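Q: Next up is a structure, given as structure tokens.
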Amino acid sequence: MKVYKNFDANASHTLLSEVKESIAKFNLDFLNPSAVHQSGQKAKAIIEEARYNLASLMQLSAKQRIVFTSGASEANNQAIFYAAKQSGEFSPLSSAIEHPSVLEALKNFPGTKYLLPDYTAEHVLANVSEQTNFLSLMFANNETGYILPITEIFAAVKQKHPEILLHTDAVQALGKLSVDFSGLQADFITVSGHKIGALSGIGALVVNDDLAHQPLIYGGPQEQRWRAGTENVLGIYTFGVAAKVWQQKQAEKQQKMLVLRDNFEKAIHQAFPEAIINHQDKKRLPNTSSIYLPGILADDLVVAMDLKGFAISSGAACSSGKPLPSHVLLAMGHSEEYAKSTVRVSFEENTTASELDSLINGLCYVLGSS
Ligand code: PLP
């Protein structure tokens with residue numbers, strides 16, 4: 001059977017081997033943690049252990065509460081609709097490079113203002129107005145890997161405007177960057193399980209404990225009344241296992257990804273001198289390369305590479321079967337042609353040097369370079 005290799009880790013990290021093993025060992029038939037009997041309490045204990053593991057990976061303080069959700073999309077929506085319900089007139093400030101789960105939710109609020117790609121604390125502060133009552137900025141961009149200076153931005157905004165609710169989508173930062181999230185003056189932080197090798201369909205919103213609960217999904221009192229519905233016990237369990245593995249091996253994993261990315265980019269520059277790596281001059285995630293290849297249709301390249309056994313991504317959103325150019329690259333000021341000729345390669349730490357060589361050879365073969 002042909003080996004298939006994931007170079008699209010920012011879409012979904014391959015399930016960690018530790019997670020697969022722990023699923024095989026998972027020995028719980030009764031999955032309602034709200035039940036008072038022993039079986040229910042076992043499920044509850046599993047959830048609390050996972051909460052502890054995730055809090056440890058994120059270095060959360062006692063004032064930061066983890067609310068498990070169905071994924072980061074729900075967590076982003078929860079933060080936005082929470083802020084909207086708290087405000088008389090909702091005036092959010094966000095960025096044009098956010099994930100669709102932020103941008104689409106904000107479309108409900110026509111008064112939203114979007115920052116274009118200058119994300120220094122000074123620029124953000126200059127765009128905060130008297131009306132602004134919510135700021136949502138991602139920690140690191142999923143397409144180019146660009147890392148925003150969120151810690152400085154939030155500190156500056158909180159100091160001058162303590163009443164503004166601050167939210168960051170930290171999905172791509174979790175694990176790939178060692179962040180002390182207790183030092184971030186955020187009211188809400190979004191993370192997702194499948195980006196670190198847990199099951200998909202599980203995420204979390206970290207909420208500042210000072211905030212009164214106001215759920216997006218109403219019903220039972222689960223998740224300290226922040227999110228009704230019987231918890232996804234197996235998903236949460238895998239998130240906890242993955243968080244523990246990342247906490248123990250974070251530095252080693254980050255270094256491995258960085259070496260892979262840098263070797264890959266060197267090889268790409270050699271084989272395709274006209275290629276441009278997006279955001280190469282900025283602080284970037286250690287695992288992400290967004291590459292403009294002039295004259296190439298990214299969607300065709302993705303299909304050709306898929307047939308050769310490599311998963312890469314065009315970074316473009318697909319709506320009703322019609323690929324759209326990446327909103328992130330357009331927001332950065334690039335043309336549609338540029339966006340449609342850009343591919344994203346995002347590495348996972350378990351990739352070997354010979355798998356990387358195969359990827360480079362595959363790209364050279366498909367693109368006709370020697
Ligand atoms: N935010 C970012 C930055 C992402 O990359 C993703 C996933 O692609 C999401 C949010 C949505 O995550 P989930 O699949 O858990 O809803």
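Q: Quick one: which of LEU216, LEU234 is of a type in the set (A, V, I, L, M), at pLDDT 95 or above, surrounded by 15 or more Cβ atoms within 10 Å (Cβ to Cβ) and part of a loop (DSSP other than H, G, I, E, B)?
A: After ruling out the rest, the residue left standing is LEU216.
Q: Which residues, counting only those in region 85-122, are out of contact with any strand residue (DSSP E or B) (no Cβ under 7 Å at 6 or more places or on another chain), of a type in the set (A, V, I, L, M) and surrounded by fewer than 20 Cβ atoms within 10 Å (Cβ to Cβ)?
A: Within region 85-122, LEU103, LEU116, ALA121 qualify.
Q: Which of the residues that make up region 85-100 are within 20 Å of PHE154 (Cβ to Cβ), within 18 Å of the chain's Cα centre (by Cα) and not in a loop (DSSP other than H, G, I, E, B)?
A: As a first pass, look at region 85-100 and keep what is within 20 Å of PHE154 (Cβ to Cβ): 86-87, 90-99.
Okay, now just the ones that are also within 18 Å of the chain's Cα centre (by Cα), so 94-99.
Hits for region 85-100 are SER94, SER95.
Q: Also, quick follow-up: Within region 138-154, is there a residue that is in a loop (DSSP other than H, G, I, E, B), more than 11 Å from the ligand (Cβ to nearest atom) and more than 20 Å from ARG284 (Cβ to Cβ)?
A: No: zero hits.
Q: Please determine whether any residue of region 219-229 is crowded, with 22+ Cβ neighbours inside 10 Å, in a helix (DSSP H, G or I) and of a type in the set (Asp, Glu).
A: yes
Q: Can you find even one residue in region 177-188 that is aromatic (Phe, Trp, Tyr), within 16 Å of the ligand (Cβ to nearest atom) and closer than 19 Å to LYS283 by Cβ?
A: So far as region 177-188 goes, yes, one or more of its residues are aromatic (Phe, Trp, Tyr), within 16 Å of the ligand (Cβ to nearest atom) and closer than 19 Å to LYS283 by Cβ.
Every residue, every condition in (1) touching a residue at least 60 places away in the same chain (Cβ under 8 Å); (2) surrounded by 16 or more Cβ atoms within 10 Å (Cβ to Cβ); (3) within 25 Å of TYR218 (Cβ to Cβ); (4) not aromatic (Phe, Trp, Tyr), yes or no:
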residue: ASP8; (1), (2), (3), (4): yes, yes, no, yes
residue: LYS20; (1), (2), (3), (4): no, no, no, yes
residue: GLN38; (1), (2), (3), (4): no, no, no, yes
residue: TYR52; (1), (2), (3), (4): yes, no, no, no
residue: GLN59; (1), (2), (3), (4): yes, no, no, yes
residue: VAL67; (1), (2), (3), (4): yes, yes, yes, yes
residue: GLY71; (1), (2), (3), (4): yes, yes, yes, yes
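Q: Filter region 190-210 for residues that are within 11 Å of the ligand (Cβ to nearest atom) and in a loop (DSSP other than H, G, I, E, B) and give the result.
A: If the condition is that a residue be within 11 Å of the ligand (Cβ to nearest atom) and in a loop (DSSP other than H, G, I, E, B), then GLY193, ALA198, LEU199, SER200, GLY201, ILE202 are the ones that fit.
Q: Looking at this structure, is LYS42 charged (D, E, K, R), crowded, with 17+ Cβ neighbours inside 10 Å and not in a loop (DSSP other than H, G, I, E, B)?
A: On the way: charged (D, E, K, R): yes; crowded, with 17+ Cβ neighbours inside 10 Å: yes; not in a loop (DSSP other than H, G, I, E, B): yes.
Considered against the rule, which asks whether it is charged (D, E, K, R), crowded, with 17+ Cβ neighbours inside 10 Å and not in a loop (DSSP other than H, G, I, E, B), LYS42 comes out as yes.
Q: Based on what the data block shows, is LYS253 over 17 Å from TYR119 (Cβ atoms), in contact with an Asp or Glu (Cβ under 6 Å, 6 or more places away or on another chain) and not in a loop (DSSP other than H, G, I, E, B)?
A: It is true that LYS253 is over 17 Å from TYR119 (Cβ atoms), in contact with an Asp or Glu (Cβ under 6 Å, 6 or more places away or on another chain) and not in a loop (DSSP other than H, G, I, E, B).
Q: Does GLN247 satisfy the criteria of being away from the ligand (no atom under 16 Å from the Cβ), assigned to a helix (DSSP H, G or I), touching a residue at least 24 places away in the same chain (Cβ under 8 Å) and closer than 17 Å to ALA55 by Cβ?
A: For GLN247, the condition - away from the ligand (no atom under 16 Å from the Cβ), assigned to a helix (DSSP H, G or I), touching a residue at least 24 places away in the same chain (Cβ under 8 Å) and closer than 17 Å to ALA55 by Cβ - is met.
Q: Return the residues of region 60-84 that are outside any loop (DSSP other than H, G, I, E, B), within 12 Å of the ligand (Cβ to nearest atom) and out of contact with any helix residue (DSSP H, G or I) (no Cβ under 7 Å at 6 or more places or on another chain); say none if nothing qualifies. Give the derivation first.
A: Keep residues of region 60-84 that are outside any loop (DSSP other than H, G, I, E, B), which gives 64-69, 72-84.
If we keep only those that are within 12 Å of the ligand (Cβ to nearest atom) as well, we get 68-69, 72-79.
Correct list: GLU74, ALA75, GLN78, ALA79.
Q: Consider region 97-136. How many of its residues are out of contact with any Leu (no Cβ under 6 Å at 6 or more places or on another chain) and within 15 Å of the ligand (Cβ to nearest atom)?
A: Total satisfying the criteria: 11.
Q: Shifting gears a bit: Which one of these is at pLDDT 95 or above, surrounded by 21 or more Cβ atoms within 10 Å (Cβ to Cβ) and farther than 18 Å from GLU349 by Cα: VAL241, VAL191, VAL245, VAL171?
A: Working: VAL241 fails: farther than 18 Å from GLU349 by Cα; VAL245 fails: farther than 18 Å from GLU349 by Cα; VAL171 fails: farther than 18 Å from GLU349 by Cα.
Just a single option satisfies the conditions, and that option is VAL191.
The values are calculated or read from the model by the stated rules, or taken from the named source; none is laboratory data. From a predicted model like this one, the values you see are computed outputs, not experimental measurements. Here the Cβ is made from the backbone with ideal geometry for all residues, glycine too, and neighbour counts use every protein chain on show.
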